[in-house]
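Below is one structure; the comments refer to it alone.
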Amino acid sequence: LAFGDTLKPGAAAAIATLRGLGLRTLMISGDNAGSANAVGRALGIDDVRAEVLPEQKAGLVATLRAEIAGRGKVAMVGDGINDAPALAAADVGMAMAGEQGGTDAAMQAAGITLMRGDPALVAQAIDISRRTSAKIRQNLFWAFFYNVVGIPLAAFGLLNPVVAGAAMAMSSVSVLTNALLLKRWNP
């Protein structure tokens with residue numbers, strides 16, 4: 001007699017999307033090796049670690065962070081109280097809330113709480129965060145550019161104060177408009 005959890009619908013597609021984003025996937029489970037490896041194969045997960053105790057999960061996340069220091073970040077996705085230490089140890093912790101889970105401990109330990117238990121939300125959260133970071137870099141560049149050009153011109157009296165004020169207002173408008181382009185994002 002054997003027992004096993006059923007895979008969440010869309011879990012394999014979510015893993016494929018994560019891999020398409022260039023991410024390495026790793027499953028850390030307290031389940032026995034046979035069960036965990038079967039799930040890992042079914043989902044297309046890169047690496048499976050089984051029979052890992054909750055306190056060992058946090059240690060494993062810390063080891064992964066040390067291994068890739070300076071080259072990337074470690075994100076941990078979990079929904080139970082046994083995931084809370086690992087969620088806190090990760091660079092980015094994502095707790096899955098929803099119909100069947102998401103303990104308060106996991107949600108408190110994580111930096112991000114996904115409000116539904118849909119695995120596709122993980123890739124969407126990563127995508128929107130990457131796009132947001134790109135917008136921040138773009139906006140810093142344009143704000144810096146406006147100031148590098150405008151301040152010396154104003155300091156040497158080559159720029160009328162009214163024009164300088166209008167240029168600063170345009171700088172703010174362009175940064176805000178660029179940020180608002182994120183509203184066009186679709187998962």
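Some values worked out for this structure:
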{"item": "Residue match in region 113-126 (condition: open to solvent by less than 70 Å² (accessible area, probe 1.4 Å), over 30 Å from L7 (Cβ atoms), modelled with pLDDT of 85 or more and in a helix (DSSP H, G or I))", "result": "no"}
{"item": "Selection within region 57-104 - in contact with a Pro (Cβ under 9 Å, 6 or more places away or on another chain) and either at pLDDT below 90 or under 26 Å from P9 (Cα atoms) (or both)", "result": "K57, V77, G80, I81, N82, D83, A84, A86, M96"}
{"item": "Among (1) open to solvent by 70 Å² or more (accessible area, probe 1.4 Å); (2) farther than 30 Å from R19 by Cβ; (3) in contact (Cβ under 8 Å) with a residue 24 or more places away in the chain, the one test that N139 misses", "result": "(1)"}
{"item": "Elements of type strands (runs of 3 or more DSSP E) in region 3-94, at least 2 residues being within 20 Å of L121 (Cα to Cα)", "result": "26-28, 75-78"}
{"item": "Neighbours by Cβ (under 6 Å, 6+ apart or cross-chain): first from region 62-87, closer than 16 Å to R24 by Cα; second open to solvent by 70 Å² or more (accessible area, probe 1.4 Å)", "result": "V74/R65"}
{"item": "Residue match in region 2-22 (condition: open to solvent by 40 Å² or more (accessible area, probe 1.4 Å), β-branched (V, I, T) and over 21 Å from the mean Cα position of the chain (by Cα))", "result": "yes"}
{"item": "Residues of region 49-81 that turn out to be touching a strand residue (DSSP E or B) at 6+ places or on another chain (Cβ under 7 Å) and surrounded by fewer than 15 Cβ atoms within 10 Å (Cβ to Cβ), as a count", "result": "1"}
{"item": "Every residue from region 96-112 that is surrounded by 16 or more Cβ atoms within 10 Å (Cβ to Cβ) and either free of Cβ contacts under 8 Å to residues at least 12 places away in the same chain or farther than 24 Å from N186 by Cβ (or both)", "result": "G102, T103, A105, A106, M107, A109, A110"}
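The values are calculated or read from the model by the stated rules, or taken from the named source; none is laboratory data. This is a predicted model, so every value here is computed, not measured. Counting neighbours? That spans all protein chains shown, and the Cβs are built from the backbone with ideal geometry, glycine included. Keep in mind that these areas ignore ligands, DNA and RNA; they rest on the heavy atoms of the full protein, side chains included. Shrake-Rupley method; radii C 1.70, N 1.55, O 1.52, S 1.80 Å.
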